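Q: Submitted below is the structure of interest, expressed as structure tokens.
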Amino acid sequence: MIDILVAGGGYVGLSLAVALKKAAPHLQIELVDPAPADAWARDERASALVAAARNLLDVLGVWDEIAPEAEPIRRMVITDSRTADPVRPVFLTFEGAGIAVDGTPFAHMVPNRAVTGSLVAAAEPLGLPINWATSVVDFSTDPHTSTIRLSNGETRQARLLVACDGVRSRLRDIAGIKTVRFDYGQSGIVTTVEHERPHEGTAEEHFLPAGPFATLPMKGNRSSLVWIERTDDANRLVESDDLVFEEELERRFGHKLGALRVVGGRKAFPLGLTLARSFVAPRFALAGDAAHGIHPISGQGLNLGFKDVAALAETVIEADRLGLDIGLLSVLERYETWRRFDTFRMGVTTDVLNRLFSNDITPVRVARDLGLGIVDRLPGLKSFFIRQAEGLAGRSQPRMLVGEAI
């Protein structure tokens, strides 16, 4: 009999397991993931970590290891144009307003493998077992335990099963939790480019008719790209030869940073909105993309997952300290209440933004550009948006998000 089994060894599952074990060493926690043990080291993607996520990683004792590979975002530029436009007018910038209260940048770009690797390393001294190449095949619950069958033929009895197995979560389906889901007909191309001139910590988001094209600063003269296209076009671009891909890339990236060279693999990921109708069931909880998958237009998907980690870990640890059964639905419902509105709001916000900006309807373009221009001239409103993006807005934030241990 163990206390908690976490299914999914990405950054959400790993950070949750580490957070729980660090706060309550007496809890018996295991983590399983179907990927090979070294799969995370081959992840070429990068993600934007906002201040709240950085605080959580600092509490877990891994930020100092990640920091040397993190590139601060010091400036944000937003444009709205067509691909063929010779000039892209800037409608909104965040500079002075884009600095957090403590004087640090509101976000950092970090290679995914740096985050995952640091969490894997943190698990070992805590005595937290990670069973790679192992997945949950099935599970059932009774009033006292969850009986979990693993792909290696073993069985676990656990007080709580947490599914961090991604947006197409099998465990969510087994639990009978329904979702609200629809496909945007878009895919996000992700790759890394090298350029001649330094980016100086500037992130840019170009709103183009097919979807946003974002360039995000990384260490050295490199940038991570999130390039949204209609799915058919995205697949064609990913499968094209290097010459065609780089020519289309230059049309969108421009020449402001000199010659470009693609230095990472390129992949396309289909985009949709997925919101679980419930985040919990008896002895079962969803976290990360298993609970919510949103459009990357705001760069908040990963950070929503870290918010889940902070809220679920605090809920479970406080219940354990009070002598409560951590798998009871009445305990887990506090986590759902804490996170449900925020994820629903972010899902709706990204959906509206994508529909508003991923089109070429002239009256809509005029209205949205006017709106961006108004925000650019109101420092107080800029600060509000940055505070929201940092993940620090609101009165009842989980403690780890503000840098406090549970």
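Q: Please work out which one of (1) closer than 20 Å to GLN397 by Cα; (2) crowded, with 24+ Cβ neighbours inside 10 Å; (3) at pLDDT below 95 is the condition ILE294 fails and give its number.
A: Among (1) closer than 20 Å to GLN397 by Cα; (2) crowded, with 24+ Cβ neighbours inside 10 Å; (3) at pLDDT below 95, the lone unmet condition for ILE294 is (1).
Q: Quick check, is PRO198 crowded, with 23+ Cβ neighbours inside 10 Å and either at pLDDT 95 or above or on the phi > 0 side of the Ramachandran plot (or both)?
A: Here the answer is no, as PRO198 does not meet what is asked.
Q: Now for a separate question. Looking at this structure, is ILE326 over 24 Å from MET76 (Cβ atoms) and in contact with a strand residue (DSSP E or B) (Cβ under 8 Å, 6 or more places away or on another chain)?
A: Yes: the conditions hold for ILE326.
Q: Here is a follow-up. Being over 21 Å from PRO270 (Cβ atoms), of a type in the set (S, T, N, Q) and touching a helix residue (DSSP H, G or I) at 6+ places or on another chain (Cβ under 7 Å) is true for just one of THR155, THR147, THR215. Which residue is that?
A: Only one candidate qualifies: THR215.
Q: Take the residues in the range 260-275 that are among the β-branched types (Val, Ile, Thr) and out of contact with any helix residue (DSSP H, G or I) (no Cβ under 7 Å at 6 or more places or on another chain); name whichever of them is farthest from ASP308 (Cα to Cα).
A: VAL263
Q: OK, next. List pairs: first in the range 1-27 and touching a residue at least 12 places away in the same chain (Cβ under 8 Å) and at positive phi, second β-branched (Val, Ile, Thr) and crowded, with 20+ Cβ neighbours inside 10 Å, Cβ under 9 Å, 6+ apart or cross-chain?
A: GLY8/VAL32; GLY8/VAL162
Q: Given the condition under 20 Å from LEU304 (Cα atoms), aliphatic (A, V, I, L, M) and out of contact with any Gly (no Cβ under 8 Å at 6 or more places or on another chain), answer yes or no: does some residue in the range 123-139 qualify?
A: no
Q: Only residues that are in contact with a strand residue (DSSP E or B) (Cβ under 8 Å, 6 or more places away or on another chain), touching a residue at least 60 places away in the same chain (Cβ under 8 Å) and among the small types (Gly, Ala, Ser): list them for the range 157-213, please.
A: Of everything in the range 157-213, those that are in contact with a strand residue (DSSP E or B) (Cβ under 8 Å, 6 or more places away or on another chain), touching a residue at least 60 places away in the same chain (Cβ under 8 Å) and among the small types (Gly, Ala, Ser) turn out to be ALA158, ALA163, SER169, ALA175, GLY176, SER187, GLY188, GLY201, ALA203, ALA210, GLY211.
Q: Testing LEU302 on (1) assigned to a strand (DSSP E or B); (2) closer than 22 Å to MET346 by Cβ, one condition comes back false. Which one is that?
A: (1)
Q: Okay, moving on. Taking the condition of being in a strand (DSSP E or B) and surrounded by 19 or more Cβ atoms within 10 Å (Cβ to Cβ), how many residues in the range 132-155 meet it?
A: Number satisfying all stated conditions: 5.
The values are calculated or read from the model by the stated rules, or taken from the named source; none is laboratory data. Keep in mind that what you see is a predicted model, and the values were worked out from it rather than measured. Because the Cβ atoms are built from the backbone with ideal geometry, glycine has one as well, and the counts that use them run over all protein chains shown.
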